[in-house]
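Enquirer: Just dropping this structure here.
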Amino acid sequence: MKRAILALMVTMVILAWSFGVQAQPPVSEATQACLDCHAQVTPGIVADWQKSLHANITPGSAMKKLALKRMISAAKVPQGVAGTVVGCAECHTVNPETHKDTFKHNGFQVHVVVTPKDCSICHPVEVAQYSKNIMSHAHGNLLNNPVYHNLVDTTDGVQDFDGTRTIYKPADAVTTAESCAYCHGTKVEVKGKEARETELGEMKFPVLSGWPNQGVGRINPDGSMGSCTSCHTRHRFSIAMARKPYTCAECHKGPDVPAYKVYMVSKHGNIYYSMGKDWNFDAVPWTVGKDFSAPTCATCHASLIVDQDGNVIAQRTHQMNDRSPWRIFGLIYAHPHPKSADTTIIKNKAGLPLPTELTGEPVSQYLIDSREMSKRRAAMEKVCLACHSTTWVKNQFARFEHTIETTNAMTLTATKILLKAWEMGAAKGLAQGDSIFNEAIEKMWVEQWLFFANSTRFASAMAGADYGAFANGRWYMSKNVQKMYDWLHFRLKAEEGGPSK
Amino acid sequence: MKRAILALMVTMVILAWSFGVQAQPPVSEATQACLDCHAQVTPGIVADWQKSLHANITPGSAMKKLALKRMISAAKVPQGVAGTVVGCAECHTVNPETHKDTFKHNGFQVHVVVTPKDCSICHPVEVAQYSKNIMSHAHGNLLNNPVYHNLVDTTDGVQDFDGTRTIYKPADAVTTAESCAYCHGTKVEVKGKEARETELGEMKFPVLSGWPNQGVGRINPDGSMGSCTSCHTRHRFSIAMARKPYTCAECHKGPDVPAYKVYMVSKHGNIYYSMGKDWNFDAVPWTVGKDFSAPTCATCHASLIVDQDGNVIAQRTHQMNDRSPWRIFGLIYAHPHPKSADTTIIKNKAGLPLPTELTGEPVSQYLIDSREMSKRRAAMEKVCLACHSTTWVKNQFARFEHTIETTNAMTLTATKILLKAWEMGAAKGLAQGDSIFNEAIEKMWVEQWLFFANSTRFASAMAGADYGAFANGRWYMSKNVQKMYDWLHFRLKAEEGGPSK
Amino acid sequence: MKRAILALMVTMVILAWSFGVQAQPPVSEATQACLDCHAQVTPGIVADWQKSLHANITPGSAMKKLALKRMISAAKVPQGVAGTVVGCAECHTVNPETHKDTFKHNGFQVHVVVTPKDCSICHPVEVAQYSKNIMSHAHGNLLNNPVYHNLVDTTDGVQDFDGTRTIYKPADAVTTAESCAYCHGTKVEVKGKEARETELGEMKFPVLSGWPNQGVGRINPDGSMGSCTSCHTRHRFSIAMARKPYTCAECHKGPDVPAYKVYMVSKHGNIYYSMGKDWNFDAVPWTVGKDFSAPTCATCHASLIVDQDGNVIAQRTHQMNDRSPWRIFGLIYAHPHPKSADTTIIKNKAGLPLPTELTGEPVSQYLIDSREMSKRRAAMEKVCLACHSTTWVKNQFARFEHTIETTNAMTLTATKILLKAWEMGAAKGLAQGDSIFNEAIEKMWVEQWLFFANSTRFASAMAGADYGAFANGRWYMSKNVQKMYDWLHFRLKAEEGGPSK
């Protein structure tokens, strides 16, 4: 055993000699003060940060990298932050006056919630792109849209039964925070201060509502929107992690947006799960064929992709939808992407805050036009063409657009049955001033588009047929129409005689 | 190629010199006799065992490790077993007289089913803790509880249709063995002996019913309960494997207890799946930040966790629920954990063997009190606090307890509809002496708590919102209440006029 | 840093010396011509191919391997292909005259779709075995069977609602291509030629329908059936990948055939996911215990398995079902495997193209007999016995066959309810000349066998109880019978009085 230790020591000396000379880059005094306590108090996150790029290179050195390799997008980083690594203090004490959650902590003005605005000191391009991303408005797009707010209430709200009727309560904030707003983002607010005993005596801390949260559209105490840590998980902030599909899966796995599930059964997913452990997820730029052999979510939607000669195949983007012409999920019908990331401005002819009519016609003035759609499709196709022939890619997109048509048609059929039910008084809808989401038949209708049509489109977009056939796609779309029809037919017949069969 | 081989050989010689001097520790004569045949007969398990710690260290050497590193919990191991590795004979021939499955095999008294009692020779603390774990009683808690036994019968039993009615047969033992009892544990019984031709001539072997099985509450032929191999899979018995979430997933993935599915979409799961391949799952003790960056199931519920200075954050426990104040699944309502691992002793006011009334009130005398609950929560929080702030952890637990309230409320609503159905004669329940699980409306009610409320609570406990929102949580709780109401309303209206809508 | 680079260079020189002398084997002139452009045009697949065995060994050298290690099954490879690696031209330009998709491309006669017939130059045994595999006929077995074609139409076809009735359109070819035929295989047809601008000027390419596709029963432009790339994914053609469960999951994960989902919660799956990253998936032959510690799909169904002394435990097979006595999915009842891979030849007594009657009796003349079943079971058991005792294996198979009985019984019960519904006029079926898949009650019936009974059998076959209990198995079989009964009872009562309850 002694000899083993000796051998190990010799090896380590050699390694230290070859690599180690590069001294650890300097840590600011303020960050060192944080670390002095927090290495004891919260050892897990300190250790995680120590493995991060933030802890191992100064912004000043990072700025010297060649353009394609650089991950800082600022033309210049402020004098004060260039020379030391990006540690606790660099993020948690910047812009103290704009942060309502700033509090005095051992002589520092610390804030709890680090925001895109804080990150934009070094990463302004990413933050600016992200603000054009519909995801940055996910909180308001859900909760400030009366139709969608009602979907939240009728999903998350507690119901009672009084022996005759069911009664819905609105969704409460705590429940919303751990369901819809987990992904859409909460509004984080300071509700006061409280004193707590710590190992260093009594200390005061802010009381926060809507916290913890890393939702993509989080409303931050400094007024900014979004959370970089949705994908670049604290405190490692690893680009490798953001490129792996598990990160997207946190919010894109359920039946309403089953991207991950479709990926898992696609050929691309199969290659990733089978071979991906040998790929280089840290390389910047990301070289097709060399660093990876099949795309993950990030490859198609976000990353800077190059070929082996360094030619750019796709530019890095944090406006995730700028290679996506169609918005295929979450809404009643698939439609061209909205122009504005804030979708609460949309009104259809019927006066509803929806990008299509209830019968599917797109509300075009709020949506991107065909030129923009072509541009986005071309950007996406360029990624596909790094491995596939033009015929292949063209046919794949033709299939996808055909599926948009057929799934919209199947949603329209379900909608027609619902409209008939409302018309015949078998359920109460818009005309009766009632919620369109609260009754059994309406929930069947919601599943038609929110689950089954969406899932079928994802399966088509990413060629994960197994999911779109029987797992949660076409089988259920077809069955659901028959279930809705059966319900209506039966109900009307039983109650007062209706459409004959 | 020759040079490659030469280079490899040189490397191996150096490695052998540095590590290899430590000769392979001795194997007992009895085990060697087993190996002599079984290396041919069952090569897979022999090879697996050879990679195990059991095969590579003697109990005597293992005893010399420092307390935190030691995996043997016996104060002393018996003289006979200390000097040789733990091989076939050490486990399969101990306590031959207490094992009803002992049989003569080439001169040895061998038993098939190795039990916690056998393992307790070296691991008594774990076995004692485990016996207080509700899991060790999983067989009886299911099958000796008349209400739950009926749930098994109405789930696993074959049904017939005679043109007018459906008829249930009780679940048969073979079916139960491969469904409920796969996890809950079978009763393994010796049903006789049979002769079989082998390569060494005719041999006699015991005939076992309920075998194979590694259920957590297995009733063993020596009268003991449980199966260490549920988690410490034969014949590698790897601690790394028990710490990975796939092990728990064997029984905690279905909609009745979707811990794994929630973990997969939680931030913790995301970190594990993205970065976990570089973690050290074999380290004992397990150092937060150094060995792993996010918890797996074992981190929070079982493992010995330390910080980088060796301070204990959580003690190892095999009474898995002793960091869990609430029992959140399997029962109609979430409630404080039962005091006794044997839950068949519980009776509610209505005389049912349930820890709450049908309307949700806990049967407190059988359940842990608020002091014990606080103690358990504090133990769990200590794990969380290794990475998270007090505010974060406090808010997370407040959310979780709020979810316990709202999910219990949603179960109560479903129960009220069912009670109304029974009252109005739309279904037959307790008052009619009928099963409460056998009719369509009753199965809807079961899903409310067994699937949807449970899933929502798991999603809350582990912050895997995607699962608790649309995948199998709140959406379905809400829809199910409306479906049950729709059914009742419609049924009563169609049959004889009922609650107006 | 300089020293680090120096150290790395020294290491690389040593490695190069020890391994690198082996010069890269020669590439044909034709392939080199392809590579000269395609390294730029489609860099991803070129890089992938460069990592493949095809690119790194010539058939001539591969032929010299010992029989158990050899992956070429041809007794002799044609003179022309033996001396250079298997590159672009070797596959995409063979047999140009038989390929309807052959087109002139820079002086070469290139075809797009490489087929089993092309691969059979080196791998004739695998191709011949595969042709006896029911999978090779998956296209016709689905689409040339009128009953199953109707299932496709009523699943994939767009429906409309005219205010009174729902109307089905047949499934269109584009939809089928990305749902059922993704796995079953499309018919790839040449629909003409089109000119496209490329970097090398205008070029003509064939227009293909049904493309892209790698379905297992693809009908190829050269008249052959199947697609080796279903499992041996282009352009790495890795045996490791084919052995990993993700490959099978592409088509075996949905509720109709949830092999992957069952595997994930089985003990075998648990071992694979926890420990498999250290296994050798490239070894040929594949040694139990040494290369892997638990089976993947391929281990039991396809691979050449040996013990550590090189004794063959299972021969490689590409007739995947030749270790499977029972066909447990896709059909209404589980039954002995069909004799012929082409199942369209089957007719039951009622004249339907089904291997059983609607009431379950097998149509024996088309199915393998008990002798063949025993032979297949014995072949499978030999794999199990590499790790498990005879008692274990025997009991496991007894459970499985018991489950075939009980699940068939539960399907029969659902069928009886449907037959009653047809008889009483509550739905329209065979007697009325109507589809048996188009109404709500019929879709419930389909789920009984296509989802729930199938899933329960998979869970039994592979011991993944969690999936077969509540995830998609017995709970749903039981609930579905009650739902169907409830529907029938209620419907008849509401409409005209029916079976009393």
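Read the figures in this text as sums done on the coordinates, not as results from a lab. The structure presented is a predicted model; accordingly, all values stated were derived computationally and were not measured. Every residue, glycine among them, receives a Cβ derived from its backbone with ideal geometry; neighbour counts consider all protein chains shown.
Enquirer: Summing Lys, Arg as +1 and Asp, Glu as -1, what charge do residues with Cβ under 15 Å from the Cβ of B:Gly83 carry, B:Gly83 excluded?
Expert: Working: positive: B:Lys64, B:Lys76; negative: B:Glu29, B:Glu90.
With Lys, Arg at +1 and Asp, Glu at -1, the net is 0.
Enquirer: Which residue, chosen from C:Cys228, C:Thr356, C:Cys297, occupies the Cα position most advanced towards the positive end of the dipole of chain C, where the dipole is computed from +1 (Lys, Arg) and -1 (Asp, Glu) charges on Cβ about the Cα centre?
Expert: C:Cys297
Enquirer: Rank the residues B:Asp48, C:Asp309, A:Asp101, C:Asp369 as a footprinting-exposure proxy: fewest other Cβ atoms within 10 Å of their Cβ go first.
Expert: Numbers: B:Asp48 25, C:Asp309 9, A:Asp101 21, C:Asp369 12.
Fewest to most other Cβ atoms nearby, the residues stand as C:Asp309, C:Asp369, A:Asp101, B:Asp48.
Enquirer: Put +1 on the Cβ of every Lys and Arg and -1 on every Asp and Glu Cβ in the protein assembly as shown; which of B:Asn213, A:Gln365, A:Thr42 then has its Cα farthest towards the positive end of the dipole?
Expert: A:Thr42
Enquirer: Now a separate question. Using θ = phi - 60° and the Karplus form 6.51 cos²θ - 1.76 cosθ + 1.60, what ³J(HN,Hα) does each residue of the range B:314-327 get, whole Hz, x for Gly and Pro?
Expert: 8, 6, 4, 9, 10, 9, 3, 8, 7, 10, 10, x, 9, 9
Enquirer: Collect residues whose amide H, placed 1.01 Å from N in the peptide plane, falls under 5 Å from the amide H of C:Val207; neighbours closer than 5 in sequence don't count.
Expert: Under 5 Å from the amide H of C:Val207 lie the amide H atoms of C:Lys191, C:Gly192, C:Lys193, C:Glu194, each far enough along the sequence or on another chain.
Enquirer: Report Rg (one decimal) and Dmax (nearest whole number) for the range B:246-330, counting Cα atoms only, units Å.
Expert: 13.4, 40
Enquirer: List the residues whose amide H sits under 5 Å from the amide H of A:Lys339, counting only those 5 or more places along or on another chain, with H placed 1.01 Å from N in the peptide plane.
Expert: Answer set, sorted by chain and number: A:Leu367, A:Ile368.
Enquirer: Here's another thing I want to ask about it. Let me know the whole percent of all Cα-Cα pairs from the range A:113-237 that are separated by more than 21 Å.
Expert: Values: 3865 of 7750 pairs.
So the portion of pairs separated by more than 21 Å is 50 percent.
Enquirer: Let me know the volume per residue of the alpha-carbon convex hull for the protein assembly as shown, in Å³. Each step should come with its number before you reach the end.
Expert: On the way: hull volume 276.8 nm³, N = 1503.
Each residue corresponds to 184 Å³ of Cα convex hull volume.
Enquirer: Rounded to the nearest 500, what is the 222 nm mean residue ellipticity of chain B from helices alone, with -39500 (n - 2.57) per DSSP H run of 4+ residues and division by all residues? Each step should come with its number before you reach the end.
Expert: Working: 22 runs with 207 residues, N = 501.
Result for chain B, helices only: -12000 deg cm²/dmol.
Enquirer: I've got another one for you. Over the range C:113-237, what relative contact order in percent results from Cα pairs under 8 Å that are six or more residues apart?
Expert: Dividing the mean separation by the residue count of the range C:113-237 yields 27 percent.
Enquirer: Considering every Cα-Cα pair within the range C:391-501, what fraction, in whole percent, is farther apart than 22 Å? Numbers along the way, then the final one.
Expert: Values: 2386 of 6105 pairs.
That fraction is 39 percent.
Enquirer: Let me ask another. Please state the charge dipole magnitude for the range C:170-316, taken about the Cα centre, from unit charges on C-beta atoms (+1 on K and R, -1 on D and E), reported in debye and rounded to the nearest 20.
Expert: Working: 16 positive and 15 negative charges, 46 e Å.
Computed about the Cα centre, the dipole is about 220 debye.
Enquirer: Mind checking which lysines have their Cα closer than 16 Å to the Cα of C:Lys493? Skip sequence neighbours fewer than 8 apart in that chain.
Expert: Leaving aside lysines fewer than 8 places away in the same chain, those within reach of C:Lys493 are A:Lys493, B:Lys493, C:Lys420, C:Lys483, C:Lys501.
Enquirer: Per residue, how big is the convex hull around the C-alpha atoms of the range C:274-433? Give it to me in cubic angstrom, could you? Could the numbers behind the result be given before it?
Expert: Numbers: hull volume 24.1 nm³, N = 160.
Enclosed volume per residue, from the Cα hull, is 151 Å³.
Enquirer: Neighbouring Cβ atoms within 10 Å as the yardstick, rank C:Met477, A:Met241 fewest first. Don't jump to the answer; show the numbers that get you there.
Expert: Working: C:Met477 29, A:Met241 20.
Going from sparsest to densest Cβ surroundings: A:Met241, C:Met477.
Enquirer: Residues with beta-carbon under 13 Å from that of A:Asn348, excluding A:Asn348: net charge, scoring Lys, Arg +1 and Asp, Glu -1? If you can, show how the numbers build up before the last one.
Expert: Working: positive: A:Lys347, A:Lys349; negative: A:Glu357, A:Glu361.
Around A:Asn348, the charge tally is 0.
Enquirer: Evaluate Rg over Rh across the range A:54-100, taking Cα atoms for both radii and Kirkwood's formula for Rh. The partial results should precede the final answer.
Expert: Numbers: Rg = 11.8 Å, Rh = 11.6 Å.
Checking Rg against Rh, the ratio lands at 1.02.
Enquirer: Explain nothing, just the number: dipole magnitude of the range A:147-186 about its Cα centre with +1 on each Lys and Arg Cβ and -1 on each Asp and Glu Cβ, in debye rounded to the nearest 20. Don't skip to the answer; put the middle values down first.
Expert: Details: 2 positive and 6 negative charges, 18 e Å.
So the dipole magnitude of the range A:147-186 works out to roughly 80 debye.
Enquirer: Let me ask another. Given 20 °C and 1.002 mPa s, compute D for chain A with the Stokes-Einstein relation, Rh being the Kirkwood radius over Cα pairs; round to the nearest whole µm²/s. Present the calculation step by step, with values, prior to reporting the outcome.
Expert: Values: Rh = 25.6 Å.
This corresponds to a translational diffusion coefficient of 84 µm²/s.
Enquirer: A further question follows. Test of understanding: ordering C:Trp475, C:Trp422 by Cβ neighbours within 10 Å, fewest first, what list do you get?
Expert: Details: C:Trp475 27, C:Trp422 20.
Fewest to most other Cβ atoms nearby, the residues stand as C:Trp422, C:Trp475.
Enquirer: Related question: Take the alpha-carbon centre of the range A:202-267, take the same for the range B:29-62, and report the distance between them in whole Å.
Expert: Distance between centres, Cα-based: 46 Å.
Enquirer: Right, something else. Taking the Cα centre of the range B:113-237 as origin and charging only Cβ (+1 Lys, Arg; -1 Asp, Glu), how large is the dipole, in debye to the nearest 20?
Expert: Numbers: 12 positive and 14 negative charges, 76 e Å.
Dipole magnitude for the range B:113-237 comes out near 360 debye.
Enquirer: Once amide H atoms are placed 1.01 Å from N in the peptide plane, what residues at a sequence separation of 5 or more from C:His105, or on another chain, have their amide H within under 5 Å of its amide H?
Expert: Residues meeting the amide H criterion: C:Val110.
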